[in-house]
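**Student:** One structure, as structure tokens, below. Some questions next.
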Amino acid sequence: MKILVLGSGAGGGFPQWNCNCRLCAGQRTGQVRALPRTQSSMAVSADGERWVLLNASPDIGAQLRASPVLWPRHGLRDSAIEAVVLMDSQIDHVAGLLSLREGSRLQLYCTPESHEDLTGSLPLLKALESYSGVNWHPMPLEPGGGAWHEIAGLRLQAVPVPGKAPPYSPRRQAEARSDNAAVLIEDPASGRRVFYAPGLARVGEAERRCLDGCDTVLVDGTFWSEDEMVAAGLGKKHAADMGHLPQCDGPHGPGMLRALDACAARRKVLIHINNSNPILDEDGPERAELVRRGIEVAFDGMELEI
Ligand code: MLT
Ligand code: MN
Ligand code: ZN
């Protein structure tokens, strides 16, 4: 199975259009050695021909233009993307659906909760009915994971993980597990699995089992520390307020580094990196710490062979 990281940044991307923090400003001027990153999305394929898009980033147009394997090949109008799977209804994961409107009917997999947001508070799916139209394939979340879906020669299972509904959602404060999904992807030919969780607020027993059962894991790399945004003067929200587990231990318990240290996966990758996260700086001590622990930082265009 092949994975292509299309966008490795969190909401806003990196550098963020309106941000002058040390990292964003330093990236623009070249004073900080860091790769720019578009917003959160990746593509997965069993054979390198038929692809599944995991989240539809606001940057999808540029991401597709930059990815030859996803270019149209057969006939006058075509796409290598057979289906789109959403982890949640966050703007950085869904706004790109609008940019796919020129194509044939979208095959969309998401939870009933995300579908409710996308036909309610942010009615993108209703708007798309006047363009490509959307076939919704419900992915209800059940404890321990729901049904396996066969998509483009792969098997995918949505797994409920701790996290938050988007700020615009009426369920933002509810903290229902059903508002945030991770996905297990299995290649039926090899039996190998991938765990993709761009939003993950806590690693409990169920999440540990997912991490351990996989060859490769790509998990929430949004924040280095719990109060990173507040300390940098960028906002009032802590990592926990936004449903993201920081890499370092904090007031709410052990961080992602500990969870990854304990995980048996062959490759451990942080993805969905916020522009405030010092791991973006290739020369910083935080990046060196990740290298010591064998943890990778996803970048746009990163390819993984599983
Ligand atoms: C999040 O994951 O919390 C989002 O990236 C926030 C946003 O889209 O602004
Ligand atoms: Mn996000
Ligand atoms: Zn910034």
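**Student:** List the residue pairs whose Cβ atoms are under 7 Å apart, where the first residue sits in the stretch 241-270 and is more than 26 Å from Leu304 (Cα to Cα), the second is basic (Lys, Arg), and the two are 6 or more positions apart or on different chains.
**Tutor:** Once the first residue is more than 26 Å from Leu304 (Cα to Cα) and sits in the stretch 241-270, its partners that are basic (Lys, Arg) give Met242/Lys164; Gly243/Lys164; Asp249/Arg258.
**Student:** So how many residues does the stretch 194-231 have that are basic (Lys, Arg) and either touching a residue at least 24 places away in the same chain (Cβ under 8 Å) or at positive phi (or both)? Walk me through how you get there before you give the answer.
**Tutor:** First, pick out the residues of the stretch 194-231 that are basic (Lys, Arg): 202, 208-209.
Now narrow it down to the ones that are either touching a residue at least 24 places away in the same chain (Cβ under 8 Å) or at positive phi (or both): 202, 208.
Count: 2.
**Student:** Hey, any hits in the stretch 50-61 for a residue that's more than 16 Å from the chain's Cα centre (by Cα), more than 26 Å from Phe195 (Cβ to Cβ) and modelled with pLDDT of 95 or more?
**Tutor:** Within the stretch 50-61 (the criterion being more than 16 Å from the chain's Cα centre (by Cα), more than 26 Å from Phe195 (Cβ to Cβ) and modelled with pLDDT of 95 or more), the answer is yes, since at least one residue qualifies.
**Student:** Among (1) touching a helix residue (DSSP H, G or I) at 6+ places or on another chain (Cβ under 6 Å); (2) surrounded by fewer than 21 Cβ atoms within 10 Å (Cβ to Cβ), which single condition is Ala147 missing?
**Tutor:** The number of the failed condition is (1).
**Student:** Being surrounded by fewer than 21 Cβ atoms within 10 Å (Cβ to Cβ) and over 22 Å from Arg65 (Cβ atoms) is the filter here; which residues of the stretch 1-25 pass it?
**Tutor:** Scanning the stretch 1-25 gives Asn18, Cys19, Asn20, Cys21, Arg22, Ala25.
So that you can scan it fast, the table gives a plain yes or no per residue for (1) of a type in the set (Val, Ile, Thr); (2) in contact (Cβ under 8 Å) with a residue 12 or more places away in the chain; (3) loosely packed, with under 15 Cβ neighbours inside 10 Å:
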position	(1), (2), (3)
Gly30	no, no, yes
Arg33	no, yes, yes
Ala83	no, yes, no
Asp88	no, yes, no
Val94	yes, yes, no
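**Student:** Just one of Gln16, Gln31, Gln27, Gln63 is closer than 25 Å to Val183 by Cα and either more than 16 Å from ligand 1 (Cβ to nearest atom) or among the polar types (S, T, N, Q) (or both); which is it? It would help to see each step written out before you state the result.
**Tutor:** Working: Gln16 fails: closer than 25 Å to Val183 by Cα; Gln31 fails: closer than 25 Å to Val183 by Cα; Gln27 fails: closer than 25 Å to Val183 by Cα.
Of the residues listed, the single one that is closer than 25 Å to Val183 by Cα and either more than 16 Å from ligand 1 (Cβ to nearest atom) or among the polar types (S, T, N, Q) (or both) is Gln63.
**Student:** Additional query: If I filter the stretch 68-84 for residues that are within 19 Å of the chain's Cα centre (by Cα), within 27 Å of Ser169 (Cα to Cα), within 15 Å of ligand 2 (Cβ to nearest atom) and not hydroxyl-bearing (Ser, Thr, Tyr), do I get at least one hit? Give the derivation first.
**Tutor:** To start, the set of residues in the stretch 68-84 that are within 19 Å of the chain's Cα centre (by Cα) comprises 70, 81-84.
From the residues that got through so far, the ones that are within 27 Å of Ser169 (Cα to Cα) too are 83-84.
So of that shortlist, the ones also within 15 Å of ligand 2 (Cβ to nearest atom) come out as none.
Scanning the stretch 68-84, I find no residue that is within 19 Å of the chain's Cα centre (by Cα), within 27 Å of Ser169 (Cα to Cα), within 15 Å of ligand 2 (Cβ to nearest atom) and not hydroxyl-bearing (Ser, Thr, Tyr), so the answer is no.
**Student:** Considering only residues that are part of a loop (DSSP other than H, G, I, E, B) and either open to solvent by 90 Å² or more (accessible area, probe 1.4 Å) or of a type in the set (Ser, Thr, Tyr) (or both), which ones fall in the stretch 126-142?
**Tutor:** Let us first name the residues in the stretch 126-142 that are part of a loop (DSSP other than H, G, I, E, B), namely 129-133, 139-142.
Of everything in the stretch 126-142, those that are part of a loop (DSSP other than H, G, I, E, B) and either open to solvent by 90 Å² or more (accessible area, probe 1.4 Å) or of a type in the set (Ser, Thr, Tyr) (or both) turn out to be Glu129, Ser130, Tyr131, Ser132.
**Student:** Here's a follow-up. Given the structure, is Glu186 at pLDDT 95 or above, surrounded by 15 or more Cβ atoms within 10 Å (Cβ to Cβ) and farther than 24 Å from Asp281 by Cα?
**Tutor:** The answer is yes for Glu186.
**Student:** With Ala43, Ala56 as the choices, which residue is within 16 Å of ligand 2 (Cβ to nearest atom) and either small (Gly, Ala, Ser) or open to solvent by 10 Å² or more (accessible area, probe 1.4 Å) (or both)?
**Tutor:** On the way: Ala43 fails: within 16 Å of ligand 2 (Cβ to nearest atom).
Just a single option satisfies the conditions, and that option is Ala56.
The values are calculated or read from the model by the stated rules, or taken from the named source; none is laboratory data. As the structure is a computational prediction, the values presented were derived from the model and not from experiment. Positions of Cβ are backbone-derived with ideal geometry, glycine not excepted, and every protein chain shown enters the neighbour counts. In case anyone asks, the SASA skips ligands and DNA or RNA and just uses the protein heavy atoms, side chains included. Shrake-Rupley method; radii C 1.70, N 1.55, O 1.52, S 1.80 Å.
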